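Everything on this sheet refers to the single structure shown next.
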Amino acid sequence: MLEISRRKFVLYGAAALGTSLLLKACGNSNPTQTSNSPTPAAGGGEGFKVAIALPGVRSDKAWNQAGYEGVNIAKQKLGAETAYVEQVAQPDQAEALSDFARRGFNVVFAHGGQFDAAVEQVATQFPKTFFVAVNGSVNAENVAALRIDHLQASYLCGIIAASMTKSNRLAYLAGQSFEATLQELRGFELGAKSVKPNVQISSSFTGDWNDIARAKEATLAIISSGADVIYQWLDNSSPAVLQAASDKGIYAFGNTTDQLNVAPKAVLTSALKRIDLAIAFLAEQAKNGQIKGQTYALGLARPDILNLGKFGQMVPEGLQKQVLSTRQAIIDNKITFENCQEGGKETRCVKTAST
């Protein structure tokens with residue numbers, strides 16, 4: 001897979017910006033299209049090209065690595081030419097996506113809901129490139145959102161958390177607040193309150209998915225507040241949360257990958273999100289010319305993509321069976337999550353087959 005280093009990307013972006021300004025000064029009517037040949041549309045066999053822009057490092061054993069591996073699967077399965085750029089800061093997102101489009105990539109994955117604004121900005125400039133907003137909430141003719149149904153998995157974790165807490169205080173910790181993390185928080189709340197209606201749940205966002213020191217500081221603050229179970233969604237910094245929880249004798253949840261081995265005394269289970277397989281699936285749809293400008297939401301009904309990891313030894317067998325039974329009820333649509341009004345705001349609520 002072709003790597004575009006962050007340094008090379010920044011230099012290229014600066015050069016491209018200078019060229020764009022020069023062309024504009026000379027009266028070029030389309031300064032954003034710098035290639036001599038048209039950008040290919042999604043679809044087709046030979047020369048199919050897939051790229052991904054990662055907000056963090058591809059070796060984080062979490063979100064970014066899953067995205068990187070998804071593009072690798074597309075390379076192996078589809079024979080695609082692939083490329084990636086990692087550690088893309090928010091101000092650089094639009095240029096990173098534009099760079100791939102200018103270079104003729106058929107489908108470009110923006111790996112995180114924080115890319116939504118950049119995807120909307122760039123997609124209109126490159127209508128022949130298909131963009132996929134992973135964890136995003138944007139759609140257009142050449143934009144699809146790829147979503148894991150985080151709410152379903154976090155609902156199950158909420159049941160476990162409420163059953164295991166002694167302080168009756170739970171916490172949710174993530175890198176940023178956007179639709180995907182808020183849906184995950186909502187699922188955690190709904191699951192916990194289905195067991196203990198009066199359980200208290202706080203939420204915190206570090207502002208950075210990979211800052212280890214900030215994640216540890218936030219974790220210690222949560223523990224100081226009295227919470228004894230933490231549901232975290234971070235990237236490179238997630239092991240710091242799990243280890244801090246273990247050191248302080250409280251519980252936590254792994255996320256994205258099975259993180260039980262990171263802190264076996266603390267991790268109750270993990271929300272397994274095989275975003276790599278989901279990315280490969282959409283890449284295949286694109287190659288076959290079948291991808292559409294819609295939201296692709298994949299949940300527990302696709303256990304190869306969304307599931308729970310191994311249970312920690314501290315989780316009673318009876319609770320494990322209860323959670324697995326609830327998982328099957330969600331798959332069978334006996335438990336669903338529907339839009340509702342609560343406190344004057346639209347949110348998601350639980351509906352069972354009997355209601």
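The values are calculated or read from the model by the stated rules, or taken from the named source; none is laboratory data. What you are looking at is a predicted structure, and each value in this text was computed from that prediction instead of being measured. Note that each Cβ is placed from the backbone with ideal geometry, even for glycine, and that neighbours are counted across all protein chains shown. Please note that ligands, DNA and RNA were not included when accessible areas were found on the heavy atoms of the full protein model with its side chains. Shrake-Rupley method; radii C 1.70, N 1.55, O 1.52, S 1.80 Å.
Filter segment 74-85 for residues that are of a type in the set (D, E, K, R) and part of a helix (DSSP H, G or I); which is least open to solvent (accessible area, probe 1.4 Å)?
LYS75
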- Residue identified as at pLDDT below 95 and among the acidic types (Asp, Glu) among ASP235, ASP228, ASP276, ASP247: ASP235
- Message: If a residue must be assigned to a strand (DSSP E or B) and of a type in the set (A, V, I, L, M, F, W, C), how many such residues does segment 132-163 contain?
- Response: 9
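Conditions tested, residue by residue: (1) out of contact with any His (no Cβ under 7 Å at 6 or more places or on another chain); (2) over 23 Å from GLY289 (Cα atoms); (3) aromatic (Phe, Trp, Tyr); (4) modelled with pLDDT of 95 or more.
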site: ALA51; (1), (2), (3), (4): yes, no, no, yes
site: VAL85; (1), (2), (3), (4): yes, yes, no, yes
site: PHE105; (1), (2), (3), (4): yes, no, yes, yes
site: HIS111; (1), (2), (3), (4): yes, no, no, yes
- Message: Filter segment 258-299 down to the residues that are closer than 23 Å to LYS75 by Cα, over 14 Å from the mean Cα position of the chain (by Cα) and basic (Lys, Arg) and list them by number.
- Response: LYS287, LYS292
- Query: Any residue at all in segment 313-335 that is open to solvent by 60 Å² or more (accessible area, probe 1.4 Å) and in contact with a Lys or Arg (Cβ under 6 Å, 6 or more places away or on another chain)?
  - Reply: no
- Among what's in segment 176-203 and is among the basic types (Lys, Arg) and open to solvent by 60 Å² or more (accessible area, probe 1.4 Å), pick the residue that is nearest to ASN135 (Cα to Cα). LYS193
- Query: Mind checking which residues of segment 221-263 are open to solvent by less than 10 Å² (accessible area, probe 1.4 Å) and of a type in the set (Gly, Ala, Ser)?
  - Reply: ALA227, SER237, SER238, ALA244, ALA245, ALA252, GLY254, ALA263
- Message: Looking only at segment 287-298, how many residues end up being buried (at least 19 other Cβ atoms within 10 Å of the Cβ), at pLDDT 95 or above and either assigned to a loop (DSSP other than H, G, I, E, B) or hydrophobic (A, V, I, L, M, F, W, C) (or both)?
- Response: 1
- Message: Within segment 119-142, does at least one residue satisfy the condition of being touching a Gly at 6+ places or on another chain (Cβ under 8 Å), among the small types (Gly, Ala, Ser) and surrounded by fewer than 24 Cβ atoms within 10 Å (Cβ to Cβ)?
- Response: yes
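Can you report the number of residues in segment 251-284 which are hydrophobic (A, V, I, L, M, F, W, C) and touching a helix residue (DSSP H, G or I) at 6+ places or on another chain (Cβ under 6 Å)?
12
Per-residue answers, yes or no, for (1) open to solvent by 40 Å² or more (accessible area, probe 1.4 Å); (2) under 22 Å from VAL143 (Cβ atoms); (3) part of a strand (DSSP E or B):
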{"site": "SER59", "(1), (2), (3)": "yes, no, no"}
{"site": "ASN72", "(1), (2), (3)": "no, no, no"}
{"site": "GLN87", "(1), (2), (3)": "yes, no, no"}
{"site": "ALA94", "(1), (2), (3)": "no, yes, no"}
{"site": "ASP99", "(1), (2), (3)": "no, yes, no"}
{"site": "GLY104", "(1), (2), (3)": "no, yes, no"}
